[in-house]
Amino acid sequence: MSARLTGAAFETLAGLLKTRSGLIIGQDKIYLLETRLSGILKKERLPDLNALADRLKRPGADGIAQDVVEAMTTNESFFFRDDKPFQHFRHHALPRLLETRPPTVPIRIWSAAASTGQEAYSIGMILAENEAAMGTHRAEILGTDIAREPLKRARQGLYTQFEVQRGLPVQMLMKYFRREEAGWRLSDMIRSKVQFREWNLLGDLRPLGRFDVVFCRNVLIYFDQPTKIRVLEAIAAQMPPDGVLYLGGAETVLGLTGRFVPLPGERGVYGLAGTSTPALAAAG
Ligand SMILES: C[S@@+](CC[C@H](N)C(=O)[O-])C[C@H]1O[C@@H](n2cnc3c(N)ncnc32)[C@H](O)[C@@H]1O
């Protein structure tokens, strides 16, 4: 049987996760370390987490550290998750952008914790469904994530039967996917609308450029308050005054930063403070 995790080893692992990815692991989540890091112990032929913590303190441990961070991420995602943000994007944000942006300037949309790509591709399908309204406007969708494996899957655009049954309307499945032996493959047309890049939200976001719309959903929940504030403010700095931010159902800007304000009548939809964007608010 493996030795009990020592306090010092816990501090090493939890400290590494917090600094590298923002993930907060409390003492009550030791079981998560044990289950999610067991593959790394096997691969590195280490007897237990105490040995892994020791290994991480030795020089040349950068690759293992990245593996630890990646193994601890929660990559669950599904198409049109929670539906509401996508409805808002389709019916309010997109029409407003088409109205206010010259066709020569691409509309830029960011899926900031893209995981296996369902969020970015849901946006891609909305754009395809609105092709006529898009006219000569171009849009760029960027999906970023800290974890490489999910991004690899995102680029493949290949989903299991279970994944396409979660949230994806059947007409869209028929229209934009084709059946392959290994699952359902998204059409090249939708895949070509989305780029994926490895990017840490705790890093410098400036090289990514400006985004008219940011989906940063179901990732802030893993961070502590100061990290949430830092990430939200860094995102705000990448948006034009009339940009729109979508957060996950359990996330908010309230009590964290004054840079964003909730759009009236909406949940999880935010504009930048000091900007009047009535067209983005729900009708009524
Ligand atoms: C639960 S998924 C959310 C996927 C999608 N946004 C959704 O709502 O369905 C959370 C993702 O955040 C990523 N993540 C965690 N920490 C991150 C960081 N510091 N920078 C970028 N991505 C991060 C994880 O790798 C994971 O894929």
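Within segment 1-104, the trypsin sites (Lys or Arg not before Pro) that combine a DSSP coil assignment with at most 14 other C-beta atoms in a 10 angstrom radius are Arg4, Arg45.
From the Kirkwood radius over Cα pairs of the chain, Stokes-Einstein at 20 °C and 1.002 mPa s returns a whole-number translational diffusion coefficient of 106 µm²/s. Across Ala120, Ala139, Ala147, mean-square fluctuation computed from a Gaussian network of the chain (C-alpha pairs under 10 Å connected) peaks at Ala139.
Within the listed set Pro241, Pro59, Pro169, the residue fluctuating most in the Gaussian network model of the chain (springs between alpha-carbon atoms under 10 angstrom) is Pro59.
Per residue, the chain reaches -10500 deg cm²/dmol at 222 nm when only DSSP H runs of four or more residues are counted, each adding -39500 (n - 2.57). Charging the Cβ of each Asp and Glu at -1 and of each Lys and Arg at +1, and nothing else, the dipole of segment 176-284 about its Cα centre rounds to 160 debye. Annotation: amide H of Gly143 within the under-5 Å range of Ser111, Gln195, Phe196, Arg197, sequence separation 5 or more or interchain, hydrogens built in the peptide plane.
Using the alpha-carbon centroid of each, what span in Å lies between segment 174-241 and segment 82-107? Measuring centre to centre over Cα atoms gives 16 Å.
HN-Hα J couplings of segment 242-248 from phi, Karplus 6.51/-1.76/1.60, θ = phi - 60°, integer Hz, Gly and Pro as x? Going residue by residue, I get 9, x, 10, 10, 10, 10, x Hz, with x marking Gly and Pro. Derived scalar couplings between HN and Hα for segment 39-49 equal x, 5, 4, 5, 4, 8, 6, 9, x, 7, 5 Hz in order, rounded to whole Hz, by the Karplus curve 6.51 cos²θ - 1.76 cosθ + 1.60 (θ = phi - 60°), x for Gly and Pro.
Rounded to the nearest Hz, the phi-derived 3J(HN,Hα) couplings of segment 198-207 under the Karplus curve 6.51 cos²θ - 1.76 cosθ + 1.60 (θ = phi - 60°) are 6, 7, 8, 5, 7, x, 6, 8, 4, x, where x marks glycine and proline. Within segment 1-91, the percentage of alpha carbon pairs spaced more than 15 angstrom apart rounds to 62%.
Placing unit charges on the Cβ atoms only, positive for Lys and Arg and negative for Asp and Glu, gives the chain a dipole magnitude near 340 debye about its Cα centre. Mean separation of Cα pairs under 8 Å and 6 or more residues apart, divided by the residue count, gives the chain a relative contact order of 17 percent. Calculated on the Cα set of segment 86-144, radius of gyration then Dmax: 11.2, 32 Å.
Summarising the amide proton neighbourhood of Ile107: residues at separation of 5 or more, or on other chains, whose placed amide H is nearer than 5 Å comprise Arg138, Ala139, Glu140. Within straight-line reach of Lys42, meaning a Cα separation under 21 Å, sit the following lysines at least 8 residues removed in sequence or on another chain: Lys29, Lys57.
Can you tell me what share of the DSSP beta bridges in the chain is antiparallel? A percent to the nearest 5 is fine. So the antiparallel bridges amount to about 40 percent of the total. Sparsely packed loop sites in segment 168-256 (the GluC sites (Glu not before Pro) outside DSSP H, G, I, E and B with at most 10 other Cβ atoms within 10 Å) comprise Glu181.
No value in this document is a laboratory result; all are computed from the given coordinates. Remember, it's a predicted structure, so these values are computed and weren't measured experimentally. Neighbour counts run over all protein chains shown; Cβ positions are idealised from the backbone, glycine included.
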